[in-house]
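Engineer: Below are the structure tokens for one structure; questions will follow.
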Amino acid sequence: MPELKWLKSSFSGDGGNNCIEVAATESGAALRESDSPAVMISTSQAALRALLLGVRAGDIELPRP
């Protein structure tokens, strides 16, 4: 498996290990938290796109601290 090129979320800020990262894979996309880089989840590009579009449109309620 080729090495993944991880991209950090633009909402992650400038420092620390509190970032969500995403990488393209042969079958879709992988996501991980920067503080636990060995733990990843995989999804299809279509499912990730639907999630992001839903969040942007306000259709998905995000938990607040």
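The values are calculated or read from the model by the stated rules, or taken from the named source; none is laboratory data. Nothing here was measured: the structure is a model prediction, and the numbers come from that model. Neighbour counts run over all protein chains shown; Cβ positions are idealised from the backbone, glycine included. The area values use the complete protein model at the heavy-atom level, side chains included, leaving out ligands, DNA and RNA. Shrake-Rupley method; radii C 1.70, N 1.55, O 1.52, S 1.80 Å.
Engineer: Scan the strands (runs of 3 or more DSSP E) fully inside the chain and keep the ones with 2 or more residues being at pLDDT 90 or above and of a type in the set (Ser, Thr, Tyr).
Structural biologist: Ranges flagged: 40-43.
Engineer: Counting just the residues of the range 29-65 that are in contact with a Ser or Thr (Cβ under 8 Å, 6 or more places away or on another chain) and over 16 Å from SER9 (Cα atoms), which one comes out most open to solvent (accessible area, probe 1.4 Å)?
Structural biologist: Only one residue fits best here, namely SER42.
Engineer: Looking at the range 19-38, which of the residues that are charged (D, E, K, R) and out of contact with any Gly (no Cβ under 9 Å at 6 or more places or on another chain) is nearest to LEU7 (Cα to Cα)? Show your work before the answer.
Structural biologist: Just the residues of the range 19-38 that are charged (D, E, K, R), to begin with: 21, 26, 32-33, 35.
Checking which are out of contact with any Gly (no Cβ under 9 Å at 6 or more places or on another chain) leaves us with 21, 26, 32-33.
Working: GLU21: 5, GLU26: 16, ARG32: 10, GLU33: 11 Å.
Top of the filtered list is GLU21.
Engineer: Restricting attention to the range 18-27, report how many residues are more than 12 Å from the chain's Cα centre (by Cα) and open to solvent by less than 70 Å² (accessible area, probe 1.4 Å).
Structural biologist: Residues that pass the stated criteria total 1.
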